[in-house]
1. Which distance in nm do the two modelled labels at residue 99 and residue 63 give, with both placed 7 Å along the Cα-to-Cβ direction?
2. Determine, for 64, 45, 104, the number of other Cβ atoms within 10 Å of each Cβ, and report the residues in order from fewest to most.
3. At a 10 Å Cβ-Cβ cut-off, how would you order 28, 126, fewest neighbours first?
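What follows draws every value from the coordinates through simple rules; no lab data is involved. None of the values given here were measured: they were computed from a predicted structure. All Cβ positions, even for glycine, are placed from backbone atoms using ideal geometry, and neighbour counts span all protein chains on display.
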């Protein structure tokens, strides 16, 4: 009897998991724009973001803002979309962290802080229309200097849906 390797016996994932599009989940549009911009950041920018996150975050204020993101994801049943966002950020972070010389022991926690902040910002952008603008600004703040606001442009349908200028174009 011939045994197939495990990967050949696995059932394929359903298309709504592997091929989720912005048409199926419009909230992905702005998060995807942000993630694309993350792909343009060199490793030095990731480390600068990580240092800023470590130096400036107020745990109490951030926890409150983050809980509004978590509630919005749960309330609007965006778990699958959130998984896609996290997966995309993970891919971009992996590419950035392997783009040059290996990270030093001192740089690894700094990069991890930037990676976590990128994931949080992308998820906040996923639910941007359902969380307070102040929470969105707080979560996205580490990226303002590295990703200029004029580069954070949402697709036209999202601009029309949220006339508040997308919380100052984050």
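1. Simple spin-label model gives 3.4 nm for this pair.
2. If I rank by nearby Cβ atoms, fewest first, I get 104, 64, 45.
3. 28, 126
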